[in-house]
Amino acid sequence: AVSFGDTPRIQHAPEGDTGVVLCNVKADPKPVVNWYFEGTKISNDKKYQIHPDNHSLKIHDLTRDDAGEYKCKAFVFTHLSSQIKDFDIKLHVQCTTITNMKWSSLLLQLLVLYEEDYPLVFGISSARIAGQPCKKRTGKLCLLCGAL
């Protein structure tokens, strides 16, 4: 039987880095795993790499456009039976931190759009400001800063 163990349904990765989306799929015999992003099958290429042993998805040069719905689909075939099972994962891409801005030159606009599974976190301390995470494709921004 195919199981996804303790795979988190909501995962986070920092913008600009290489992110890893986990899929802790277990099956006997070893499953064949395919990944999908927003319904489109992902292939190994310059942007994406599927790890052959643990089935995790590595995403290079993460942007906010990489945030969204991923699907890990496992296929198990034997001479007696076959099984296909999938697991949906929501990836949030965290904003790049903004620091060392002077209050006299800072215009801060904060859009707080609440989602139960997507809290907005930000902090202001000693004329430093940091915000995370961001979400793609909805126009939602955690922080929008610009000089006056």
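Data overview
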{"read-out": "In the stretch 1-60, residue modelled with the lowest pLDDT [restricted to those that are assigned to a loop (DSSP other than H, G, I, E, B) and among the hydrophobic types (A, V, I, L, M, F, W, C)]", "value": "Ala1"}
{"read-out": "Selection from the stretch 87-103 of residues that are among the charged types (D, E, K, R) and either modelled with pLDDT of 70 or more or closer than 14 Å to Gly68 by Cα (or both)", "value": "Asp88, Lys90"}
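The values are calculated or read from the model by the stated rules, or taken from the named source; none is laboratory data. Please read all numbers here as calculations on a predicted model, not as lab measurements.
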